[in-house]
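*Asks:* Dropping a structure here in structure tokens format, bear with me for questions.
The values are calculated or read from the model by the stated rules, or taken from the named source; none is laboratory data. Only a predicted model underlies this, so the values are computations on that prediction, with no experimental measurement involved. Because the Cβ atoms are built from the backbone with ideal geometry, glycine has one as well, and the counts that use them run over all protein chains shown.
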Amino acid sequence: MASASPATDWWRTAVIYQVYPRSFADSNGDGVGDLPGVTSRLGALKDLGVDAIWLSPFMTSPQHDAGYDVADYCDVDPLFGTLADFDDMRDAAHGLGLKVVIDLVPNHSSSDHRWFQEALAAGPGSEERARYIFREGKGKRGELPPNNWDSVFGGPAWTRITESDGTPGPWYLHLFDISQPDFDWTNPWVHEQFRNILRFWLERGVDGFRVDVAHGLVKVAGLPDYTPAPGGSMGGDTSDAPYWAQDGVHEIYRDWHRVLAEFGPDRILTAEAWVKPLSKLTDWVRPDEMQQAFNFGYLETPWDAISLRKVVDASLEAFGSVGAPSTWVLSNHDVIRHTSRLALTPPPLQGAGIGPDTQPKPDDAVGLRRARAATAFMLALPGSAYIYQGEELGLPEAIDLPDAARQDPTFFRTGGELYGRDGCRVPIPWEADAPASGFNTTGASWLPQPASWPLYARDAQVGVPGSTLEFYRDALALRSEHALGAADIDWLEFDDADVIGFRSGAVTVIANTGAGTVELPAGRIVLCSGEAGDGLLPGDTTVWILAAAG
Ligand code: NOJ
């Protein structure tokens with residue numbers, strides 16, 4: 001394990017809590033969470049025991065993709081507050097010893113961005129058009145898209161514009177929603193803008209950036225046709241796609257690495273790159289590029305001992321080979337919460353979501369038991385772990401959202417065929433007896449909260465032995481006390497193929513992914529994701545054991 005200086009290498013072992021601002025805490029009661037709301041609840045995150053927060057986008061945006069469609073990279077959307085609110089939040093977080101990582105969306109802007117509006121107005125051949133990927137259409141009159149690419153959210157990845165004189169114009173590329181035109185990263189002007197954006201936020205004291213679609217910025221010259229194999233996840237696993245994982249992206253991150261270094265040795269870049277295999281993903285975290293990359297291969301691993309052993313070994317080896325920590329993650333705002341996902345075999349495709357018509361429905365009890373066991377396993381692993389807001393409460397995916405409430409572009413662009421990601425984005429509960437379960441004081445909520453939400457509220461769990469919240473607090477405290485994030489692990493071998501375990505310093509971790517009961521070694525159980533008694537470990541349960549003294 002690379003030696004770590006705690007001050008500058010905090011990210012090697014950090015537990016980073018994802019705040020999805022629109023659903024975290026709403027200070028003004030309009031039904032959408034905001035930055036003052038985040039500030040007001042930071043104490044709860046400190047108390048939980050995390051090291052850092054990552055905030056999904058709160059910048060100016062028409063919100064066609066929940067803020068991943070940015071119209072001004074250097075300002076706060078009024079929905080979320082002001083730059084002064086951001087400063088207050090940052091100061092409060094830093095005052096509590098929490099690092100602050102923000103989202104950066106460089107693959108595309110909003111079509112409302114001044115840069116895109118100027119590109120439309122300036123006309124063919126202009127410098128402004130060269131900021132984005134405009135191409136003439138095919139067919140006699142350019143009436144067909146320039147190539148056959150589909151958008152990740154469904155439908156074509158191209159939209160034709162109308163010139164200001166009313167004539168049909170060229171098409172622009174949007175790998176995501178129609179409102180998210182892709183930048184042309186062959187244009188040095190784009191590079192310059194993003195260097196400025198990085199410096200703007202670094203000067204404002206952010207500790208790092210989670211880089212959205214970090215595998216997508218560079219496209220193969222000529223934009224050749226491509227038909228992906230069915231079954232890819234957000235942005236596909238298709239390593240041969242001409243819009244994913246092109247070598248050219250690495251020069252961009254080397255450049256950004258140098259920009260961050262201007263501000264000291266402790267700022268970080270984390271890649272959201274849906275790239276397989278792991279040995280390729282680690283290109284993003286070579287010493288002169290980013291510090292971390294999300295380990296989505298781990299997130300997508302089923303709850304079974306053999307698969308887990310494989311992915312952990314592969315991760316430690318791959319990330320270790322470039323001197324980077326592995327990261328671990330089970331939930332985020334793009335996937336079905338692991339409390340529900342782990343009860344579905346096989347889980348739906350990433351991004352597809354589940355809804356009222358999904359059959360079979362996940363069993364909440366099975367899901368929660370597996371989720372807690374999976375979390376206990378994850379939080380014992382060396383490296384950096386991500387937690388998504390609400391998972392510490394054991395929140396399940398919200399399945400029964402009415403169509404009329406849904407907001408994910410995936411739902412609309414597939415004509416409702418895919419439910420999309422709204423089910424994991426519902427505002428979280430704080431107080432069982434308050435309006436909107438304490439999300440705000442008015443009861444408004446941009447997505448309706450399920451009737452069960454009060455049961456999961458934070459105040460219903462604080463101090464309650466065995467609650468999911470107390471289980472997370474215990475796990476994080478023990479992880480820190482035993483420095484598990486920085487330890488090396490030694491695998492233990494079991495006859496039972498459903499069981500996986502390892503030793504990490506003084507702590508022995510054993511997970512039973514099957515249904516049978518397993519005998520435990522001697523020692524003191526310091527953490528149990530469920531109930532283990534009489535030296536026996538039930539199915540879907542993980543324990544941490546301290547060797548008996550002597
Ligand atoms: C990944 C983000 O996590 C997701 O929410 C978003 O829709 C796409 N990138 C497009 O920005």
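*Asks:* Considering segment 268-288 alone, what residues qualify as being away from the ligand (no atom under 16 Å from the Cβ) and either assigned to a helix (DSSP H, G or I) or modelled with pLDDT of 95 or more (or both)?
*Replies:* Ile268, Leu278, Ser279, Lys280, Thr282, Asp283, Val285, Arg286, Pro287, Asp288
*Asks:* Additional query: Could you grab me the full set of residues in segment 92-114 that are assigned to a helix (DSSP H, G or I) and free of Cβ contacts under 8 Å to residues at least 60 places away in the same chain?
*Replies:* The answer is Ala92, Ala93, Gly95, Arg114.
*Asks:* Output the residue which, of all residues in segment 361-395 that are part of a helix (DSSP H, G or I) and β-branched (Val, Ile, Thr), is farthest from Ile525 (Cα to Cα).
*Replies:* Residue satisfying both the conditions and the ranking: Val366.
*Asks:* Can I ask one more? Filter segment 150-163 for residues that are more than 15 Å from the ligand (Cβ to nearest atom) and either over 37 Å from the mean Cα position of the chain (by Cα) or in a loop (DSSP other than H, G, I, E, B) (or both) and give the result.
*Replies:* Once the filter is applied, which keeps residues that are more than 15 Å from the ligand (Cβ to nearest atom) and either over 37 Å from the mean Cα position of the chain (by Cα) or in a loop (DSSP other than H, G, I, E, B) (or both), segment 150-163 yields only Glu163.
*Asks:* Among the residues of segment 316-332 satisfying the criterion of being of a type outside the set (A, V, I, L, M, F, W, C) and touching a helix residue (DSSP H, G or I) at 6+ places or on another chain (Cβ under 6 Å), which is farthest from Pro427 (Cα to Cα)?
*Replies:* Checking each candidate, the answer is Pro325.
*Asks:* For a quick check of your reading of the model, give me the residue pairs whose first member lies in segment 115-142 and is at negative phi and of a type in the set (Val, Ile, Thr), whose second is surrounded by 13 or more Cβ atoms within 10 Å (Cβ to Cβ) and assigned to a loop (DSSP other than H, G, I, E, B), with beta-carbon atoms closer than 8 Å and at least 6 apart or on different chains.
*Replies:* That search, which allows pairs on different chains as well, returns Ile133/Pro181; Ile133/Asp184; Ile133/Lys219; Ile133/Leu223.
*Asks:* Let me ask something additional. Restricting the search to segment 289-311, which residues are touching a residue at least 40 places away in the same chain (Cβ under 8 Å) and not in a helix (DSSP H, G or I)?
*Replies:* Matches in segment 289-311: Met290, Gln291, Gln292, Ala293, Phe294, Glu300, Pro302, Trp303, Asp304.
*Asks:* Another question, if that's okay. Of the numbered conditions (1) among the acidic types (Asp, Glu); (2) in a helix (DSSP H, G or I); (3) crowded, with 17+ Cβ neighbours inside 10 Å, Asp88 satisfies every one except a single condition; which is it?
*Replies:* The failed condition is (3).
*Asks:* A follow-up question, please. From the list Pro427, Pro435, Pro448, exactly one residue is more than 15 Å from Arg22 (Cβ to Cβ), at pLDDT 95 or above and more than 16 Å from the ligand (Cβ to nearest atom). Which is it?
*Replies:* That would be Pro435, the only listed residue that is more than 15 Å from Arg22 (Cβ to Cβ), at pLDDT 95 or above and more than 16 Å from the ligand (Cβ to nearest atom).
*Asks:* Give me the pairs: first residue in segment 323-346 and among the aromatic types (Phe, Trp, Tyr), second residue modelled with pLDDT of 95 or more and more than 16 Å from the ligand (Cβ to nearest atom), beta-carbon distance under 6 Å, and six or more apart or on different chains, which are they?
*Replies:* Trp328/Tyr298; Trp328/Met378; Trp328/Leu381; Trp328/Ala385
*Asks:* Can you pull out the residues in segment 164-211 that are away from the ligand (no atom under 16 Å from the Cβ), part of a loop (DSSP other than H, G, I, E, B) and more than 25 Å from Phe86 (Cβ to Cβ)?
*Replies:* Ser164, Asp165, Gly166, Thr167, Asp184, Thr186, Asn187
*Asks:* Tell me which residues, restricted to segment 463-521, are assigned to a strand (DSSP E or B) and aromatic (Phe, Trp, Tyr).
*Replies:* Trp491, Phe502
A quick yes/no check of all residues on (1) modelled with pLDDT of 95 or more; (2) in a loop (DSSP other than H, G, I, E, B); (3) among the aromatic types (Phe, Trp, Tyr); (4) in contact with a helix residue (DSSP H, G or I) (Cβ under 6 Å, 6 or more places away or on another chain):
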position: Thr8; (1), (2), (3), (4): no, yes, no, no
position: Ile16; (1), (2), (3), (4): yes, no, no, no
position: Ala25; (1), (2), (3), (4): yes, yes, no, yes
position: Gly29; (1), (2), (3), (4): yes, yes, no, no
position: Val32; (1), (2), (3), (4): yes, yes, no, yes
position: Gly37; (1), (2), (3), (4): yes, no, no, no
position: Ser40; (1), (2), (3), (4): yes, no, no, no
position: Leu45; (1), (2), (3), (4): yes, no, no, no
position: Ile53; (1), (2), (3), (4): yes, no, no, no
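*Asks:* Within segment 62-71, which residues are within 11 Å of the ligand (Cβ to nearest atom) and either at pLDDT below 95 or touching an Asp or Glu at 6+ places or on another chain (Cβ under 8 Å) (or both)?
*Replies:* The answer is His64, Asp65, Ala66, Gly67, Tyr68, Asp69.
*Asks:* Could you list all residues from segment 355-392 that are surrounded by 24 or more Cβ atoms within 10 Å (Cβ to Cβ) and polar (S, T, N, Q)?
*Replies:* Matches in segment 355-392: Thr375, Ser384, Gln389.
*Asks:* Quick one: is Arg337 within 16 Å of the ligand (Cβ to nearest atom), of a type outside the set (Phe, Trp, Tyr), under 30 Å from Phe412 (Cβ atoms) and buried (at least 24 other Cβ atoms within 10 Å of the Cβ)?
*Replies:* Yes: the conditions hold for Arg337.
*Asks:* Also: Within the set of pairs 6 or more residues apart or between chains, which connect a residue that is touching a residue at least 40 places away in the same chain (Cβ under 8 Å) inside segment 60-71 to a residue that is of a type in the set (Val, Ile, Thr) and within 7 Å of the ligand (Cβ to nearest atom) with Cβ atoms less than 7 Å apart?
*Replies:* Close Cβ pairs satisfying both conditions: Tyr68/Val105; Val70/Val105.
*Asks:* Return the residues of segment 396-416 that are surrounded by fewer than 23 Cβ atoms within 10 Å (Cβ to Cβ) and not in a loop (DSSP other than H, G, I, E, B); say none if nothing qualifies.
*Replies:* Matches in segment 396-416: Asp403, Ala404, Ala405, Phe411, Phe412, Arg413.
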